[in-house]
Amino acid sequence: MTKSLLSVSDLSRKEIEKIFKKMNNFKTKSFMRYKGKSVGLLFEKHSTRTRLSFEVAISRLGAYPIYINKSDTQISRGESIAETAKIFSLYLDALIYRTSDQENMKKFHESSSIPIVNALSDDEHPTQIISDVYTINELLKKKNLQKMKIVYFGDGNNIANSLCIIADILNLNLVICCPKSYEPDLKKLNLVNSNIIMENNPKKAVHKADVIYTDVWTSMGMEKQEKQRLKDFKDYQVNQDLTSLANKSHIFMHCLPAHIDEEVTLEVLHSKNSVIYKQAENKVYAAMAILDFLLS
Ligand code: CP
Ligand code: NVA
């Protein structure tokens, strides 16, 4: 079956390191190796960064990006994913796909003969996390990646899941700090034997952190739960009181978009420790490296 990237768990440590190396190369040179190839982008949810960074990456590789609006396709009139995947495989060389249900992603992959790249699902955001771990390594290069304390605050869904999986593969020192019942399901992720620490107390979790990462409390598609979530997560905001307990040289990360004064204050988001724009910038190199890895 064609190699796809539906989950971080589709990659080995060696393959992730290979992608990091490719990112290093793409930072200094683009190459037009994929002239004549076409890469589709099917987004069933909103996106600014992921869509744009992939479109730019595809162009920089010499290939042609084709944005596919789902409501213009026959999928929205009931044509099956399996049939659509077969047709897409006749025209496209790869598909970048954002959807809610990870099962849709799997169905696409099973019926395709082209690589499918998960551009976010409710379960995972692999391209984001690969890019973010590269950014951590790039910015804190004096420290050993495996020795840094990385602390994630917030909801235990897509970003947290991908972070847990990459932490397990690369043997990272990860603390997940979520309110009870919002933690990632390590059993479902097949990570019961990992070293990931679950800590419900934010002050304990942040102690001596090198990396603080947060994400929205109400993800796309969860809007109906917003009121309840604002209550359940209120003690998990990343603000200056909390970040003052981390290592002075810590970096603050957020995949964006942020909900200001919910999971993070404006002060922290734009503090000197914040690396949110570096994260966004590196998404282009990650997209190039991942596509090159899957297409070459
Ligand atoms: N970080 C991220 O995936 O952003 P978008 O939703 O804007 O693509
Ligand atoms: N958890 C967020 C990530 C957005 C990039 C969401 O799914 O909306």
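Using θ = phi - 60° and the Karplus curve 6.51 cos²θ - 1.76 cosθ + 1.60, what whole-Hz ³J(HN,Hα) does each residue of the stretch 271-286 get, with Gly and Pro shown as x?
6, 5, 7, 6, 10, 4, 7, 5, 4, 5, 5, 5, 4, 5, 5, 5
From the P(r) of the chain, can you give the percent of Cα pairs sitting at distances over 32 Å? Mind dumping the intermediate values first?
Working: 10563 of 43660 pairs.
Here the long-distance tail beyond 32 Å is 24 percent of all Cα pairs in the chain.
Starting from the Cα-Cα distance between Lys142 and Lys18, subtract it from 0.36 nm times their residue separation and give me the gain in nm to one decimal. Before the final figure, lay out each step's value.
Working: separation 124, 0.36 × 124 = 44.64 nm, distance 2.06 nm.
Length gained between Lys142 and Lys18: 42.6 nm.
At what distance in nm do the modelled label points of Tyr64 and Lys37 sit from each other, each positioned 7 Å from its Cα along Cα→Cβ?
About 1.5 nm separates the two model spin labels.
Please list, ordered by chain and number, the residues whose modelled amide H lies under 5 Å from the amide H of Leu5; skip anything fewer than 5 residues away on the same chain.
Here Ile116, Val117, Asn118 satisfy the definition.
As a test, work out the antiparallel percent of DSSP beta bridges whose residues both lie in the chain, rounded to the nearest 5. Could you put the intermediate results ahead of the total?
Details: 0 of 32 bridges.
Close to 0 percent.
Along the Cα→Cβ direction, 7 angstrom out, place labels at Ser181 and Asp241. What is the inter-label distance in nm?
2.4 nm
Under a 5 Å amide H to amide H cut-off, with H placed in plane at 1.01 Å, what residues pair with Ile66 once short-range neighbours are removed?
Under 5 Å from the amide H of Ile66: Val39, Gly40, Leu41.
When we measure straight from the Cα of Lys106, which lysines land under 20 angstrom away, once same-chain ones fewer than 8 places off are left out?
Within the straight-line limit of under 20 Å, Lys106 reaches these lysines: Lys3, Lys45, Lys70, Lys86, Lys187, Lys188.
When the chain is fully extended, how far beyond the present Cα-Cα distance does Ser271 get from Lys29, taking 0.36 nm per residue of separation?
Working: separation 242, 0.36 × 242 = 87.12 nm, distance 3.09 nm.
Once the chain is fully extended between Ser271 and Lys29, it gains 84.0 nm.
In whole Hz, what ³J(HN,Hα) sequence does the stretch 224-235 give by Karplus (6.51, -1.76, 1.60; θ = phi - 60°), x for Gly and Pro?
Karplus-based 3J(HN,Hα) across the stretch 224-235 equals 5, 8, 4, 4, 4, 5, 4, 6, 5, 9, 4, 7 Hz.
Once both labels are modelled 7 Å past Cα along the beta-carbon direction, what's the Gln228-Met198 spacing in nm?
The two pseudo-label positions are separated by 1.8 nm.
Please give the peptides 94-101, 175-182, 238-245 ranked by average Cβ packing (other Cβ atoms within 10 Å per residue), highest first, as a rough proxy for protection. Display every interim value, and only then the final one.
Details: 94-101: 22.6, 175-182: 18.6, 238-245: 17.0.
For the peptides 94-101, 175-182, 238-245, the packing ranking is 94-101, 175-182, 238-245.
Readers should treat all values here as calculations from the given coordinates under stated rules, not as data from a laboratory. Predicted, not measured: the structure shown is a model, and the values here were computed from it. Note: ideal-geometry Cβ built from the backbone for every residue, glycine included; neighbour counts use all protein chains shown.
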